[in-house]
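Q: Structure in structure tokens, see below.
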Amino acid sequence: MSECVFCKIAKGDIPVEFVHKDEAVFVIKDLNPQAPTHLVIIPAQHIESAAELNDPKIWSSIMGCAVETARRLGLDKEGFRMVINTGEQGGQTVPHIHLHLLSGRIFGWPPG
């Protein structure tokens, strides 16, 4: 999708500092952080939302990258939260599936 900001980042049209990047997924810092550590794990392939993702390999890439990134950064010591917003009512603002990895503060429940 040519207008998708995450697709533009994946193609290199928008320069960013990657926390991680491989052929399947990339990780960037959130531009509007909601916690001391707030990263976004994004599949390189454009898929609009979690409701449209049926490929277990892509799910595995997203979740595996999130957990490995948390471990590599030492976030697993105190804890972290992973969030996937889906659709307008679910809080999704970019129409490309992505996972938020948050850490560095206490998170309340329920979340929203």
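Each reported figure results from applying straightforward, stated rules to the coordinates on display, with no laboratory input. The structure presented is a predicted model; accordingly, all values stated were derived computationally and were not measured. We place every Cβ from the backbone using ideal geometry, glycine too, and count neighbours over all the protein chains shown.
Q: Residue 46: net charge of surrounding residues, Cβ under 15 Å, Lys/Arg +1, Asp/Glu -1, itself excluded? Each step should come with its number before you reach the end.
A: Values: positive: 8, 11; negative: 3, 13, 23, 48, 52, 55.
Counting the neighbours of residue 46, the net charge comes to -4.
Q: Once the stretch 22-65 is represented by equal point scatterers at the alpha-carbon sites, with solvent omitted, what log10 I(q)/I(0) does the Debye formula produce at q = 0.15, 0.29 Å⁻¹?
A: -0.41, -1.06
Q: What is the gain in length, in nm to one decimal, between residue 45 and residue 8 on full extension, counting 0.36 nm per residue of separation less the C-alpha to C-alpha distance?
A: Details: separation 37, 0.36 × 37 = 13.32 nm, distance 1.12 nm.
Computed gain between residue 45 and residue 8 is 12.2 nm.
Q: Right, something else. Can you give me the three principal axis dimensions of the chain from its C-alpha atoms, in Å, biggest first?
A: Ordered largest first, the chain gives principal extents of 38, 30, 28 Å.
Q: If you line up the long axis of helix 56-72 against the longest principal axis of the chain, both from Cα atoms, how many degrees apart are they, to the nearest 10?
A: Approximately 40 degrees, to the nearest 10.
Q: Over the chain, how many pairs of lysines fall under 18 Å by alpha carbon, counting only those 8 or more apart in sequence or from different chains? List each step's numbers first, then the result.
A: Details: 8/21; 8/29; 11/21; 11/29; 21/29; 21/57.
Counting lysine pairs in the chain gives 6.
Q: Under the rule of -39500 (n - 2.57) per DSSP H run of 4 or more residues, summed and divided by the residues of the chain, what mean residue ellipticity at 222 nm is obtained, to the nearest 500 deg cm²/dmol?
A: Working: 2 runs with 24 residues, N = 112.
Taken over the chain, the calculation gives -6500 deg cm²/dmol.
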